[in-house]
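Q: Could you have a look at this structure, given as structure tokens, before my questions?
The values are calculated or read from the model by the stated rules, or taken from the named source; none is laboratory data. Being a predicted model, the structure only gives us computed values, none of them experimental. Every residue, glycine as well, gets a Cβ built from its backbone with ideal geometry; the counts of neighbours run over all protein chains shown. When the accessible area is computed, the model is the full protein with side chains, heavy atoms only, and any ligands, DNA or RNA have been set aside. Shrake-Rupley method; radii C 1.70, N 1.55, O 1.52, S 1.80 Å.
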Amino acid sequence: MSLEKQAVEEFKNNNFNESLQLLKKFIETNPNSYEAYNFLGIVYLKLKKHDFAKNSWEKAFNINANYIDPLINIANLFIQGRKLEIAISYLNKALLIEPKNFKLSLMLGNTYMVINKFEEALENLNSAIKINPNNFEPYYLKGLVYNNMNKLEDAIKNFNLSLSFNQSHQDTLYSLAISYREIKNFVKSKEIFTKLYELNNNYNYLLGSIFFINNRICNWDKYEENLELIKNKILNKKKSITPWAALSIFDSPEIQMINTKIYTDFENTQKKEIDIKKNTNEKINIGYFSGNFCNHAVAFQINKMLQQHNTKKFNIYLFNFKNSHNNLIKNEYKNIKEIFNVSDLSDLEIVNMSKKIKIDIAIDLMGFTRGNRFNIFKQRCAPLQVNFLGYAGTSAIRNMDYLIADSTVVNSSNRQFFTENIIFMPNSFMVNNDDLDIDEINFKRSDLKINDNNLIFCSLNRNYKISPKVFSLWMKILKKVDNSILLLNYADDIAKYNILENCKNFNVPKQKIKFLEYTKSYNEYLSKIKNVDIFLDTFPYSAHSTGSSALWCGVPIITKSGNSFTSNVASSMLKALDLQELITTNDEEYINLAVNMAKDKETLKKLKLKLKNNKLSKLLFNTKKYTSNIEKAFENIYSLKCKNKKLVDLEVDKLL
């Protein structure tokens with residue numbers, strides 16, 4: 001047996017050092033064997049000697065400039081090292097040699113997609129289709145590209161083409177179901193998820209995706225059984241549900257943290273540091289990162305605060321992930337130094353841009369909500385990184401230094417389940433815009449097709465937050481309060497049908513349920529809310545921006561406090577308004593409070609007057625004071641970093 005064949009045998013048996021020595025001996029007598037050098041690089045790679053591997057592949061290519069295998073191997077090496085632009089240069093070099101190589105076009109399409117170069121990705125994937133039009137893979141990748149471009153109909157078209165060549169490809173099925181979900185075709189989405197479940201019931205995040213779809217359409221069959229199944233999978237470190245979806249079904253901060261750590265691969269990541277500029281006479285550079293600087297709740301909440309930052313102390317930059325035409329955050333705000341549209345940039349390019357600008361504090365306004373770029377923060381784009389507002393839970397990212405919270409949402413009972421240090425804001429962590437106009441559009445009850453003598457309960461949270469347990473409480477309340485109705489948020493036809501069918505289980509007439517029609521503008525939405533008498537909160541995902549809107553419109557919220565950040569947000573806002581009497585701790589209290597308030601018009605009137613007065617006198621709706629407090633926190637953590645002091649929890653009201 002030749003030395004080369006012996007080396008192959010040793011390699012197959014995982015004896016990489018022996019294989020290496022045999023190859024070296026073979027190359028001594030065969031110095032022009034480009035295939036041997038290519039194999040030598042593969043052995044070095046197994047031995048984790050990456051520089052030697054790269055050198056071997058380069059020698060192989062130098063011997064035979066038409067041999068593309070070493071170029072592909074070098075490209076894969078750089079892909080593993082997340083140096084994708086360099087990888088692309090090697091793949092393009094190989095493509096010049098073999099322009100009709102299907103594998104190369106596919107690899108280039110995929111790699112361009114990862115760095116958000118979508119047009120280049122499509123060009124290469126179309127080339128792959130021309131070479132092999134009957135292969136499922138380029139259509140699948142095109143679907144992913146269009147999905148990333150938010151061209152969901154095009155994504156669906158290509159996923160279906162992919163399935164026409166490989167009907168059981170699991171990744172395509174999952175991606176197609178997600179796309180149908182995002183265009184709100186929940187029936188089709190569930191159908192495809194179910195098909196995938198029949199093929200592989202252990203597919204990552206599938207069980208949670210099906211559970212979430214059922215919640216979107218208010219189908220609560222086997223709710224508790226499936227909830228327990230997801231919980232057990234999380235405890236066994238299985239990928240069963242995304243962090244964002246988990247917030248709406250678990251009140252356990254421990255379960256939420258474990259689940260998010262699985263998602264971010266927390267245990268296998270290392271903390272990184274970036275030096276901070278230490279000239280304290282310079283302004284602090286703050287970067288806000290989001291894809292929701294548009295007609296979105298986060299933008300409505302934070303809009304005025306961004307306008308009120310102290311430009312003598314801070315430079316404010318916005319990094320916009322979404323190329324949207326309806327951005328609320330406008331360039332003309334004088335105190336925003338610059339807005340960057342980074343929708344076409346890769347995560348690494350955004351990280352490098354942030355470093356070049358010397359952002360001192362990077363603020364993630366998204367967490368794990370749709371369109372997030374959490375890998376930017378995982379890689380670290382600034383010396384200090386802060387999780388704020390967009391995601392009500394721990395990021396479980398080692399490089400996320402702080403979470404902005406308050407002592408209600410993060411307390412002594414749940415503090416251990418947050419991987420970040422905590423900035424405890426006084427009053428509430430929830431920032432608000434105190435300039436919102438609720439009288440610009442004057443909606444009346446008659447416009448909502450509701451009689452003036454009806455007592456209007458509402459819950460305007462999204463319908464995926466409605467659990468069967470909470471729904472049962474609402475039904476008990478409606479049965480106890482004559483002439484009461486429950487106004488729910490806009491819902492699609494199947495969700496409406498399921499909700500009304502569930503009413504039958506409690507002998508509640510479906511006429512007692514009304515649905516808000518789709519609202520075009522935020523001011524119109526606010527004008528409708530002000531007609532409501534009492535807001536009934538959901539659990540365990542309590543009202544966030546919706547609750548803030550209700551309180552601004554003078555509508556009292558009855559909430560049930562829980563164990564997690566998510567379940568205590570409404571409680572946080574109510575405490576900040578000195579309305580603790582609206583916070584309940586169990587189901588019985590929740591029902592009794594709602595019924596008593598509804599039946600006692602004088603008490604309800606006094607409560608609404610208290611809310612009206614406290615809205616003006618308390619600090620929940622004082623944007624100027626909130627901005628001052630958060631700036632105090634930013635200055636403090638910046639100072640700690642500059643002095644190389646340990647980052648610790650901060651209570652803002654105790655800072656000098």
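Q: Pairs Lys83/Lys271; Lys449/Lys504; Lys238/Lys378; Lys233/Lys355; Lys100/Lys188: which are spaced more than 27 Å apart, C-alpha to C-alpha?
A: Lys233/Lys355; Lys100/Lys188
Q: Largest first, what is the accessible-area ranking of Trp474, Trp244, Trp552 with a 1.4 Å probe? Walk me through the numbers on the way to the answer.
A: Details: Trp474 0, Trp244 65, Trp552 30 Å².
From most exposed to least exposed: Trp244, Trp552, Trp474.
Q: Report Glu589's accessible area, 1.4 Å probe, all protein chains in place, as a number in Å² to the nearest 10.
A: Looks like 80 Å² after rounding.
Q: Separate question: Whole-Hz ³J(HN,Hα) for each residue in the stretch 613-630, computed from phi via Karplus 6.51 cos²θ - 1.76 cosθ + 1.60 with θ = phi - 60°, x for glycine and proline: what do you get?
A: Taking θ as phi minus 60°, the curve returns 5, 6, 4, 8, 9, 8, 9, 4, 10, 10, 5, 4, 5, 4, 4, 4, 5, 6 Hz for the stretch 613-630.
Q: Out of residues 5 or more away from Cys458 or on other chains, whose amide H comes under 5 Å of its own, with H placed 1.01 Å from N in the peptide plane?
A: Leu487, Ile534, Phe535, Leu536
Q: Also, I was wondering about something else. Can you list the aspartates and glutamates whose alpha carbon is less than 12 Å from that of Lys278, not counting same-chain residues fewer than 8 positions off?
A: Here the aspartates and glutamates satisfying the reach criterion relative to Lys278 are Asp360.
Q: Still on this structure, please answer the following. When we measure straight from the Cα of Lys237, which lysines land under 17 angstrom away, once same-chain ones fewer than 8 places off are left out?
A: Output for Lys237: Lys261.
Q: From the backbone phi of the stretch 285-299, what are the Karplus-calculated ³J(HN,Hα) couplings (6.51 cos²θ - 1.76 cosθ + 1.60, θ = phi - 60°) in whole Hz, Gly and Pro given as x?
A: Here the 3J(HN,Hα) series is 8, 10, x, 9, 10, 6, x, 10, 7, 8, 6, 9, 3, 4, 5 Hz.
Q: Can you give the local net charge around Lys283? Use residues other than it whose beta-carbon is closer than 13 angstrom to its beta-carbon, Lys and Arg +1, Asp and Glu -1. Please report the intermediate quantities before stating the final value.
A: On the way: positive: Lys277, Lys312, Lys313, Lys337, Lys358; negative: Glu282, Asp360, Glu631, Glu635.
With Lys, Arg at +1 and Asp, Glu at -1, the neighbours total +1.
Q: Within the chain, what whole-number % of the accessible surface is contributed by carbon and sulfur, with the 1.4 Å probe and all protein chains included in the calculation? If you can, show how the numbers build up before the last one.
A: Working: 13560 of 29560 Å².
Looking at the chain in its full context, I get 46 percent from C and S.
Q: Net charge within 14 Å of Asn483 by Cβ-Cβ distance, Lys/Arg positive one each and Asp/Glu negative one each, not counting Asn483 itself? Provide the component values of the computation, followed by the final result.
A: Details: positive: Arg445, Lys479, Lys480, Lys512, Lys514, Lys599, Lys601; negative: Asp452, Asp482, Asp533.
Residues near Asn483 contribute +4 overall.
Q: Oh, and also: With θ taken as phi - 60° and the coefficients 6.51, -1.76 and 1.60, list the Karplus ³J(HN,Hα) couplings across the stretch 555-563 in order, rounded to whole Hz; mark glycine and proline as x.
A: Coupling constants for the stretch 555-563: 9, x, 10, 9, 10, 10, 6, x, 9 Hz.
Q: So what's the gap between the Cα centers of the stretch 252-294 and the stretch 87-163, to the nearest angstrom?
A: That distance is 32 Å.
Q: For Lys12, list the aspartates and glutamates whose Cα falls under 16 Å from its own Cα; do not include residues on the same chain fewer than 8 positions away.
A: Glu4
Q: Within the stretch 201-287, report the trypsin sites (Lys or Arg not before Pro) that DSSP leaves as loop and that have at most 15 other Cβ atoms within 10 Å. Walk me through the intermediate numbers first.
A: Details: sites: Arg216, Lys222, Lys231, Lys233, Lys237, Lys238, Lys239, Lys261, Lys271, Lys272, Lys277, Lys278, Lys283; in loops: Lys222, Lys237, Lys238, Lys239, Lys271, Lys272, Lys277, Lys278, Lys283.
Passing both the DSSP loop test and the Cβ count: Lys222, Lys237, Lys271, Lys272, Lys277, Lys278, Lys283.
Q: Using a 1.4 angstrom probe with every protein chain in place, what is the largest-first accessible-area order of Trp57, Trp220?
A: Numbers: Trp57 5, Trp220 30 Å².
Result, largest first: Trp220, Trp57.
Q: Long-range amide H contacts for Asn315: which residues qualify at under 5 Å (H placed 1.01 Å from N, peptide plane, sequence gap of 5 or more or a different chain)?
A: Here Ile284, Asn285, Ile286 satisfy the definition.
Q: Any idea of Ile494's accessible area? Nearest 10 Å², probe 1.4 Å.
A: Surface accessible to solvent at Ile494 totals approximately 60 Å².
Q: Quick check: with the 1.4 Å probe, what order do Glu420, Glu28, Glu517 take by accessible area, largest first?
A: Working: Glu420 0, Glu28 145, Glu517 115 Å².
Largest accessible area first, the residues go Glu28, Glu517, Glu420.
Q: Turning to a different aspect of this structure: Leaving ligands, DNA and RNA out of it, work out the accessible area of Ile249 with a 1.4 Å probe and give it in Å² to the nearest 10.
A: 10 Å²
Q: Taking amide H positions as placed in the peptide plane 1.01 Å from N, state which residues far from Ile363 in sequence (5 or more) or on other chains have amide H under 5 Å from it.
A: Gly287, Tyr288, Phe289, Val386
Q: Hey, another quick one. If you add up the charges near Ile262, with Lys and Arg at +1 and Asp and Glu at -1, over every other residue whose beta carbon is less than 12 angstrom from its beta carbon, what do you get? Provide the component values of the computation, followed by the final result.
A: Working: positive: Lys233, Lys237, Lys238, Lys239, Lys261; negative: Asp265, Glu267.
Taking every Cβ under 12 Å from that of Ile262, the sum is +3.
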